[in-house]
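What follows is a short report on a single structure.
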Amino acid sequence: MFRYKCTQCGKEYKRDEVKYLCPDCSKSYEPGMPLKGVLTAEFDYDLIKSKFNRENPDLNLFSAVEKKFYPGFFHGNTPFHKSERLCGFTGFENLYLKNDTLNPSGSYKDRASFLVVAEAIRIGEEKIVTASTGNAASSLAAVCASAGKKALIFAPESAPAAKLLQMQVYGAEVFKVKGTYDDAFKLSIEYTNDNGGLNRNTAYHPLTIEGKKTSALEMFVQNNFKPPDAVLIPVGDGVIISGVYKGFYDLKMCGLIEKIPELICVQSENSNAISNFIETGVYSDAANPATVADSISVKTPSNAYMARNAVIASGGFAVTVSDKEIMEAQKTLAATTGMYAEPSSAAVLAGLLKSKTKLDKKKQIVLLITGSGLKDTAATAKYLNG
């Protein structure tokens, strides 16, 4: 089916030869720094091309887990459509939305959780562990519930109440961490090292990237088998943007597209480690990642290296936005499209408005909306009520 390939040294491994990171490159990794030795799946692209049928496109050809192991959790195939009213408001003539708020748990993270749980079914693992500010955790809890697996969650106690409640109602065991997402990430890895279980941490498990690539495959099909010109993506730890790149990369390697879209990294001004890395080439943590957009609040982004490479390889760029710009964009998006996105997702509209001189207004541009506003109504209420 595929081999894992290290994004740093290029070494390849058989499917069950490795579990998380490249054994060589990760030797120097310590919690509190971006991951080293992140793996991606390299497929037999000629074989996929020979089997791909545009009359009945089977995106499972690109999957790193066989369909027979899939849990009964129906996600993806989310709406992809042009917004005429948003075009009128922004001045962009061909503006599209990819609406992942309509996944079962309300966020894009269902794509990664689904594939990791499928892998747990394949290898016979009963408990799955993750660190999250909320969306990845509630997503994992939902998919585990559908598969009869145990979800163990390490979440900052400051995570939005609705997200914490969502994890619990699905039956997850939640450990509230007195600290940040980065602290939760460290504790979750320590837990699986000491107690076993499959760790779903984003980028740490390579199938999180493989799961998150599926929106790119869907956009290709939904867009009449062609890629858009640019995609704006909310970025925290860097895995969604890396996953979107991987999806278009797979399509290009199969000869199904000629060019990968420009990928635009949108971050909070405070949680800006990857944006700074893209612009300067020198990595440093975000000094104070506190932002109203909790889903992209990260001091040390786990997938900083791959995310930077993805943006540069696609010919994209990075843009940062303020909390005020994010909340104004949330209201504008809702009022012009009927789509209530959480602050992290609304950031992409703020990023678009801030990038008017960098993007061709005639080109097809996609805003990737990754989470529902119902995940964090307190942030909206605070903004609307002044």
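Nothing in this text is a laboratory measurement; each read-out follows from the coordinates by a stated rule. Values in this document were obtained by computation on a predicted structure and should not be read as measured data. Cβ: placed from backbone, ideal geometry, glycine included. Neighbour counts: every protein chain shown.
If you take every DSSP beta bridge whose two residues both sit in the chain, what share of them, in percent to the nearest 5, is antiparallel? Before the final figure, lay out the partial values.
On the way: 12 of 44 bridges.
Close to 25 percent.
Applying 1/(1 + (r/R0)^6) with R0 = 30 Å to the Cβ-Cβ distance of N77 and K259, what FRET efficiency is obtained, to the nearest 0.05?
Once rounded, the FRET efficiency stands at 0.80.
Taking the range 171-251, which chymotrypsin sites (Phe, Trp or Tyr not before Pro) meet the DSSP loop condition and have no more than 15 other C-beta atoms within 10 Å?
F225
Answer rounded, prolate or oblate for the range 110-207, using the Cα gyration tensor with square roots of eigenvalues a ≥ b ≥ c: rounded when a/c is under 1.5, else prolate when a/b is larger than b/c, else oblate.
Taking the square roots of the gyration eigenvalues as a ≥ b ≥ c, the range 110-207 is oblate.
In the range 33-118, which trypsin sites (Lys or Arg not before Pro) are in a loop and have at most 14 other Cβ atoms within 10 Å, using DSSP for the loop call? Provide the component values of the computation, followed by the final result.
Values: sites: K36, K49, K51, R54, K67, K68, K82, R85, K98, K109, R111; in loops: K36, R54, K109.
Those that pass, being in a loop and sparsely packed, are R54.
Tell me the mean residue ellipticity at 222 nm calculated for the chain from its helices only (DSSP H runs of n ≥ 4, each -39500 (n - 2.57), averaged over every residue, nearest 500).
For the chain, the value works out to -11500 deg cm²/dmol.
In sequence order, what are the phi-derived ³J(HN,Hα) couplings for the range 31-44 according to the Karplus relation 6.51 cos²θ - 1.76 cosθ + 1.60 with θ = phi - 60°, rounded to whole Hz, with x for glycine and proline?
With coefficients 6.51, -1.76 and 1.60, one gets x, x, 9, x, 5, 10, x, 4, 9, 10, 8, 9, 9, 7 Hz.
Through the Karplus equation 6.51 cos²θ - 1.76 cosθ + 1.60, θ set to phi - 60°, convert the phi angles of the range 224-235 into ³J(HN,Hα) values in whole Hz; use x for Gly and Pro.
Per-residue couplings from phi come out as 6, 6, 8, x, x, 7, 8, 10, 9, 10, x, 10 Hz.
How big is the shadow of the Cα convex hull of the range 2-69, averaged over all directions, in nm²?
6.1
So which residue, out of A290, A310, A341, gets the largest mean-square fluctuation from a GNM of the chain using Cα contacts under 10 Å as springs?
The residue that fluctuates most here is A290.
Given points 7 Å out from each Cα along the Cα-Cβ axis, report the A334 to K127 separation in nanometres with one decimal.
3.9
Counting only C-alpha contacts under 8 Å and six or more residues apart, can you give the relative contact order of the chain as a whole percent?
Relative contact order, the chain: 18 percent.
Please list, or write none, the aspartates and glutamates whose alpha carbon is within less than 14 Å of the alpha carbon of K127, excluding same-chain residues fewer than 8 places away.
Here the aspartates and glutamates satisfying the reach criterion relative to K127 are E119, E173, D194.
Sticking with the crude label model, points 7 Å out along Cα→Cβ, report the distance from D360 to N193 in nm, one decimal please.
4.9
Compare T291, T280, T130 in a GNM of the chain, Cα atoms joined below 10 Å, and give the one with the largest fluctuation.
In this elastic network of the chain, the residue with the biggest mean-square fluctuation among T291, T280, T130 is T280.
Say each of A287 and N53 gets a label point 7 Å from the Cα, pointing the same way as Cα to Cβ; how far apart are those two points in nm?
5.9
Taking only the C-alpha atoms, wrap a convex hull around the range 221-298 and report its volume per residue in Å³ as a whole number.
100
Cα-based Rg of the chain per 2.2 N^0.38 Å, rounded to two decimals?
Rg over 2.2 N^0.38 Å, computed on Cα atoms: 0.90.
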